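The values are calculated or read from the model by the stated rules, or taken from the named source; none is laboratory data. It should be emphasised that the depicted structure is a prediction, and the values quoted were computed from it without experimental measurement. In this analysis, Cβ positions are derived from the backbone assuming ideal geometry, glycine residues included, and neighbour counts consider all displayed protein chains.
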Amino acid sequence: MDILLLGAPGSGKGSQAELLEKVYGIVQVSTGDLLREAVSNKTEVGIKAKVKMDKGELVENECVLKLLSERIKKSDCDNGVIFDGFPRNIEQTKLLDDLLVERGRKLDLVVNIEVPFEIIISRLNSRRMCKNCGKGYNMISNPPKGVNCDLCNGEIIIRDDDKEDVVRNRLDVYDKNTKPLISYYSEKSLLVNIDGVGKISDIFEELNRHIKEKKVQ
Ligand code: AMP
């Protein structure tokens, strides 16, 4: 099953992807995580990407594609992928189609997680991340059990691009570049909308229902 999670930053794509991984045994591929890894490893792509990421802008398509195509060559992606954060513009939808077609696959389902703007802003304010393994937390709805990361005991930090001025820009970028993907995939009859406000487990139940209805397993 190849599934795409769409939604603004802070809509909860990462939390739903975590549950999908557990229940369906398919792997989440987040281009944001791949880029952050490249930035911290100071690779050529990472150095170039950091300039855009620090401003909340989209990284050049070819940089993101390079990381994504390397990642999905790995065998854990053979049975399907939960795409999180890619595509983010119309050109990238074509790039994703190509990557999947090369493997004899296609997107089975696109899930748009809807969350009102004010809630997104407050969620991003309380969002944290493990500096070491990248696990996401929310200090209100999903805090770590202790001071450090539950999984690896790494330091919990605020992402640079979750700072307020960058957040505004990321939401503008989302509106302009990524929101049009909702109608794009809707016209292809691939899209389902789910309400992203509420308990993570309830939202997952709705998502799961759509997967079963679409019989995409
Ligand atoms: P995310 O963790 O998905 O919010 O991504 C963090 C940042 O990485 C974004 O604000 C962009 O600067 C960059 N990024 C992630 N995915 C993409 C993509 N598909 N295309 C361009 N830039 C991306």
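Of the listed requirements (1) surrounded by 15 or more Cβ atoms within 10 Å (Cβ to Cβ); (2) near the ligand (Cβ under 9 Å from one of its atoms); (3) without any contact (Cβ under 8 Å) to a residue 24 or more places away in the chain; (4) of a type outside the set (Val, Ile, Thr), LYS66 misses just one: (2). What do you reckon, is GLY104 without any contact (Cβ under 8 Å) to a residue 60 or more places away in the chain, within 29 Å of SER69 (Cα to Cα) and out of contact with any Lys or Arg (no Cβ under 9 Å at 6 or more places or on another chain)? Against the criterion (without any contact (Cβ under 8 Å) to a residue 60 or more places away in the chain, within 29 Å of SER69 (Cα to Cα) and out of contact with any Lys or Arg (no Cβ under 9 Å at 6 or more places or on another chain)), GLY104 qualifies.
The set of residues from the range 49-87 being closer than 13 Å to LEU99 by Cα and of a type in the set (Ser, Thr, Tyr) comprises just one member, SER69. The single condition among (1) within 18 Å of LYS13 (Cβ to Cβ); (2) within 15 Å of the ligand (Cβ to nearest atom) that GLU60 does not satisfy is (1).
The helices (runs of 4 or more DSSP H) found wholly in the range 98-217 and carrying at least 2 residues that are among the acidic types (Asp, Glu) occupy 164-173, 200-214. Could you say whether any residue in the range 74-90 is more than 25 Å from GLU206 (Cα to Cα) and within 16 Å of the ligand (Cβ to nearest atom)? Scanning the range 74-90, I find at least one residue that is more than 25 Å from GLU206 (Cα to Cα) and within 16 Å of the ligand (Cβ to nearest atom), so the answer is yes. Taken over the range 80-103, the criterion of being within 14 Å of the chain's Cα centre (by Cα) and surrounded by fewer than 20 Cβ atoms within 10 Å (Cβ to Cβ) is satisfied by ASN89 alone. Scanning the range 1-30 for residues that are within 12 Å of the ligand (Cβ to nearest atom) and over 25 Å from SER189 (Cβ atoms) yields PRO9, GLY10, GLY14, SER30. Give the residue, chosen from VAL59, VAL45, VAL27, that is modelled with pLDDT of 95 or more, over 17 Å from the mean Cα position of the chain (by Cα) and among the β-branched types (Val, Ile, Thr). Every option except VAL45 fails the conditions. Against the test of being over 22 Å from VAL59 (Cα atoms) and out of contact with any Pro (no Cβ under 6 Å at 6 or more places or on another chain), the options VAL173, VAL167, VAL197 yield a single qualifying residue, VAL197.
Return yes when LEU107 is buried (at least 18 other Cβ atoms within 10 Å of the Cβ) and more than 14 Å from GLY12 (Cβ to Cβ) and no when it is not.
So LEU107 passes the test.
In the condition set (1) over 26 Å from VAL23 (Cβ atoms); (2) surrounded by fewer than 17 Cβ atoms within 10 Å (Cβ to Cβ); (3) aliphatic (A, V, I, L, M), ILE140 is compliant with all but (1).
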